[in-house]
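The values are calculated or read from the model by the stated rules, or taken from the named source; none is laboratory data. Model, not experiment: these values are computed from the prediction. Positions of Cβ are generated from backbone atoms using ideal geometry, with glycine treated the same way; all protein chains shown enter the neighbour counts. Keep in mind that these areas ignore ligands, DNA and RNA; they rest on the heavy atoms of the full protein, side chains included. Shrake-Rupley method; radii C 1.70, N 1.55, O 1.52, S 1.80 Å.
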Amino acid sequence: MEIVPHDSTLYNKDLAPVPRERRTWGIYNYASLWVAMSVCIPTYMLASGLIAGGMNWWQAIATILLGNLIVLIPMVLNAHAGTKYGIPFPVFVRASFGVRGANIPAVLRALVACG
């Protein structure tokens with residue numbers, strides 16, 4: 001069997017699939033991550049802005065909870081391939097955008113993460 005060298009621009013250790021035995025996150029870890037991303041200074045500022053705008057405290061909390069639940073749905077769908085197959089998003093998106101075109105959604109996702 002001949003070993004074919006791989007192109008280092010298409011494959012490296014960070015882009016390799018994670019074996020199933022090394023995937024250790026469970027529902028608790030994902031729930032903790034979601035709570036940590038939801039309970040932050042911008043959320044507090046949004047709540048105080050909603051209260052200053054005339055909402056009751058419970059209406060502001062319900063609005064923020066609903067917004068976080070709405071955002072949770074696309075986040076779970078976006079992460080499904082990575083958690084199921086152990087591949088990072090840039091590798092998964094190559095199937096629909098091609099090898100070079102995958103850089104566009106990867107950079108857009110990074111910009112959203114910065115926000």
Open item on the list: Let me test this: with uniform point scatterers at the alpha carbons of region 40-114, what is the Debye-based log₁₀ I(q)/I(0) at q = 0.13, 0.21, 0.26 1/Å?
Closed with: -0.57, -0.91, -1.15
Open item on the list: With a 1.4 Å probe and all protein chains kept in place, how much accessible area does LEU33 have, in Å² rounded to the nearest 10?
Closed with: 80 Å²
Task: Accessible surface, per residue, of region 40-114 when the full set of protein chains is kept, probe 1.4 Å, Å² - done: 72 Å²
Open item on the list: With a 1.4 Å probe and all protein chains kept in place, how do MET45, MET55 rank by accessible area, largest first?
Closed with: MET45, MET55
TODO: Scan the chain and note any complete DSSP helix (H) whose C-alpha atoms cover at least 30 Å along its axis and whose Kyte-Doolittle average is -0.5 or more.
DONE: 57-85
- [ ] Would you mind calculating the relative contact order of the chain from Cα pairs under 8 angstrom and at least 6 residues apart, reporting the percent as a whole number?
- [x] 29 percent
Open item on the list: Distance between the C-alpha centers of region 77-91 and region 7-72? Whole Å please.
Closed with: 16 Å
Open item on the list: Compute, for the chain, the length of the dipole vector about the Cα centre, with Cβ point charges of +1 (Lys, Arg) and -1 (Asp, Glu) only. Units Debye, rounded to 20.
Closed with: 100 debye
Task: Spacing of the two label points (7 Å from each Cα toward its C-beta) at LEU33 and ILE104, in nm - done: 2.7 nm
